[in-house]
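First comes the structure, then the notes that go with it.
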Amino acid sequence: MKQLSKQIANACTAVAIEDLNMRGMAQGLKLAKSTNDNGFGMLKTFLSYKLAEQGKSLVVIDRWFPSSKLCRFCKTVQSELALSARVWNCSCGAVLDRDINAAINIKNEGCRMLGVA
Ligand SMILES: [Zn+2]
């Protein structure tokens, strides 16, 4: 985890992450407790430390930001999006990969928060 956070910090000017509710997510997905307290929180801590060492920013996006449900093209927010929907169609005609769309939305929101949008 330390090595990964170091690689990410070295490669990036800033990092934007979603402040995921891991406990709620673990419960929602019925994951084991061990998966719960885990990795993500630790990575966030290490990343924060490594980025700060280099004078870089870790931007934490609010957990309620609709990263998955927001169409990155037309900015429409879907009211419903099942967790099982890995690809979805927006009313604007865009076909969106859930994870790629969310990652781009998180990057854009991070840039906006840093004032570099
Ligand atoms: Zn759209």
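The values are calculated or read from the model by the stated rules, or taken from the named source; none is laboratory data. Nothing here was measured: the structure is a model prediction, and the numbers come from that model. Neighbour counts run over all protein chains shown; Cβ positions are idealised from the backbone, glycine included.
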**Fill in**
By residue number, the members of region 28-76 that are at pLDDT 85 or above, more than 16 Å from the ligand (Cβ to nearest atom), over 18 Å from Lys6 (Cα atoms) and in a loop (DSSP other than H, G, I, E, B) are Asp62, Arg63, Trp64, Phe65
**Asked** Regarding Gly93, is this residue at pLDDT 95 or above and either buried (at least 17 other Cβ atoms within 10 Å of the Cβ) or assigned by TED's automatic domain parsing to the domain that holds Lys2 (or both)?
**Response** no
**Message:** Which residue is modelled with the lowest pLDDT, if the candidates are limited to region 1-17 and must be in contact with a helix residue (DSSP H, G or I) (Cβ under 6 Å, 6 or more places away or on another chain) and not aliphatic (A, V, I, L, M)?
**Reply:** Lys2
**Pairs, first near the ligand (Cβ under 10 Å from one of its atoms) in region 84-97, second β-branched (Val, Ile, Thr) and not in a strand (DSSP E or B), C-beta under 7 Å, six or more apart** = Cys90/Thr76; Ser91/Thr76; Cys92/Thr76
